[in-house]
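Report on the structure given below.
The values are calculated or read from the model by the stated rules, or taken from the named source; none is laboratory data. What you see is a predicted model, and the numbers here were worked out from it, not measured in a lab. Cβ placement follows ideal geometry from the backbone for every residue including glycine, while neighbour counts extend to all protein chains displayed. Note: areas computed on protein heavy atoms with side chains; ligands, DNA, RNA excluded. Shrake-Rupley method; radii C 1.70, N 1.55, O 1.52, S 1.80 Å.
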Amino acid sequence: MPPSRARQFWRHLVVRDADLRHAERTASILRAGGADEELVLAGLLHDRAKPAEARLWHRVAATLLEGTAERWAPGCRARLARGEGTFARYLDHARRGAELSRAEGRSARVVRLIARHHLVPQDDDERRLAAADALALP
Ligand SMILES: [Fe+2]
Ligand SMILES: [Fe+2]
């Protein structure tokens, strides 16, 4: 395997492993807090549509776009989330993850929680998922 491919391969494994640990940690924080199985499942699946090839700058830029940038350039995030590029798929991972779960026949509650996990929480389920998600960050 050429060195650049080997680097890419290891990077992919490390990032994927971090994403899996984040998902498991989110679910286990929810379980420890007494959440029911549907909420725990939403915790496990909430970030599943993040593209495996996303780089650190995708993650940093996405976080910036969720904060101040959206106030100064409304709609910018939505425009960047269109298309099939890595950054677009990263920005759109909540919607895409919800669609995957819907296609698998998950409950409407799980689908909604995944779809809304980057929006301002509007009920107790969403607040609990948001809190566990934040606590489970590496
Ligand atoms: Fe997310
Ligand atoms: Fe997350």
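A few points about this structure:
- Where 80, 65 fall by accessible area, highest first, once all protein chains stay in place (1.4 Å): 80, 65
- On segment 18-112, 59 percent of the accessible area sits on carbon and sulfur atoms, based on a 1.4 Å probe.
- Cα gyration tensor shape of segment 27-138, rounded if a/c is under 1.5, else prolate or oblate by comparing a/b with b/c: prolate
- Annotation: per residue accessible area for the chain equals 61 Å², rounded to a whole number [probe 1.4 Å, protein chains only].
- Gain upon complete extension [residue 32, residue 16; 0.36 nm per residue less C-alpha separation]: 3.3 nm
- Computed over neighbours whose Cβ is under 14 Å from that of residue 119, the net charge equals -2, Lys and Arg +1, Asp and Glu -1.
- Overall form of segment 80-119 per C-alpha gyration tensor (a/c, 1.5; a/b vs b/c): oblate
- Trypsin sites (Lys or Arg not before Pro) lying in DSSP loop within segment 91-120, provided at most 16 other Cβ fall within 10 Å: none
- Per-residue ellipticity at 222 nm, computed for the chain from helices alone with -39500 (n - 2.57) per DSSP H run of at least four residues, works out to -21000 deg cm²/dmol.
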